[in-house]
1. Going by amide H atoms built from the backbone, whose H comes under 5 Å of the H on residue 180, apart from near neighbours?
2. Under a Cβ-Cβ cut-off of 13 Å, what is the net charge of the residues other than residue 130 that fall near it, where Lys and Arg count +1 and Asp and Glu count -1?
3. How much net charge surrounds residue 190 when only the other residues with a Cβ under 10 Å from the Cβ of residue 190 are counted, with Lys and Arg +1 and Asp and Glu -1?
4. What residues qualify as long-range amide H neighbours of residue 154, i.e. H under 5 Å apart, gap of 5 or more or another chain, H built at 1.01 Å from N?
5. Give me a comma-separated list of calculated 3J(HN,Hα) values for segment 30-39, in order, Karplus coefficients 6.51, -1.76, 1.60 applied at θ = phi - 60°, integers in Hz, x for any Gly or Pro.
6. How many nm separate the modelled label positions at residue 187 and residue 27, each set 7 Å beyond the Cα in the direction of the Cβ?
7. Taking only C-alpha pairs under 8 Å that are 6+ residues apart, what is the relative contact order of segment 118-205 in percent?
8. To the nearest 0.05, how large is the calculated FRET efficiency for residue 48 and residue 97 if R₀ is 25 Å and r is the Cβ-Cβ distance?
Amino acid sequence: MDMKTHHPTLGSLLRSLRSQRGWTLKQMSQRIQIPVSTLSKVEHDRLTLTYDKLVQLSQRLHISISELFASPLNPAPSESGVRPAPVTARRSIGVADSAVRVVTKNYDYFYLCPELRKKRMIPILTRIRAKSAQEFGELVRHAGEEYIFVVEGSIEVLTEFYDPVILHQGESIYIDSNMGHAYLAAEGCNEATVLGVCSSADDGLLDSLMSLHGDVRPSLPARTADSARADGKAASARRR
């Protein structure tokens, strides 16, 4: 017996969505402003859509990209009873200039890939300024785990259950984020830069991390804000 696992494709997902809504290919094309010929090729798995086109599709159908690939559009379970994981086709280029920036007394945070929602991993570029435990204050705790890689400078890692450790450029550490922890610029280093990845099964991880900043509010860089205003003006012009 052939026990192949049938993985969902973008084409099968679009066909399922269109079928659920009772639309013809032409009706779908009119609603999402993607040519019929393109949609036909996608549905027959001869073509895929760029991330920009996926965003356009989700916006015009008033659903998130993650919802587009969530049940009930998932394929039926295989004969083994296991439902294949959906293909989300999510992708984002992390650029500091388009990150959400949060400035606190100890760190400058740059939350990368901000357009992706409900991320299971939160990538953060961080500039570390605090140089002592007294200056830093109370250790930080939050759900999940995290990985920290030293991009520039040296850091001192304080944790609740271990002796302090010094990490230099190119070195890294993986810790349980529920354990109290803090990152300091090591002795002789005025400022250090690290790339961190926080992960948790909790969909609200980003909100949890943001709540650690207290009353400090995130800000968008000028370039991102200008782009957002330009997109808003373009959308307004199209509605006229």
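All of the numbers you see were taken from the coordinates with simple rules; none came from a lab. Quick caveat, the model's predicted, so the values are computed rather than measured. Neighbour counts run over all protein chains shown; Cβ positions are idealised from the backbone, glycine included.
1. The list, which skips near neighbours in sequence, is 160.
2. On the way: positive: 105, 127, 129, 131; negative: 108, 135, 138, 156, 187, 191.
Computed value for this residue: -2.
3. Details: positive: 129, 131; negative: 191.
Neighbourhood net charge equals +1.
4. When sequence neighbours closer than 5 places are left aside, the close amide H contacts are 186.
5. Here the 3J(HN,Hα) series is 5, 6, 9, 6, 10, x, 4, 4, 5, 4 Hz.
6. 7.3
7. On the way: 210 pairs, mean separation 41.7, N = 88.
For segment 118-205, the relative contact order is 47 percent.
8. Working: r = 28 Å, r/R0 = 1.12.
The pair residue 48/residue 97 has a calculated efficiency of 0.35.
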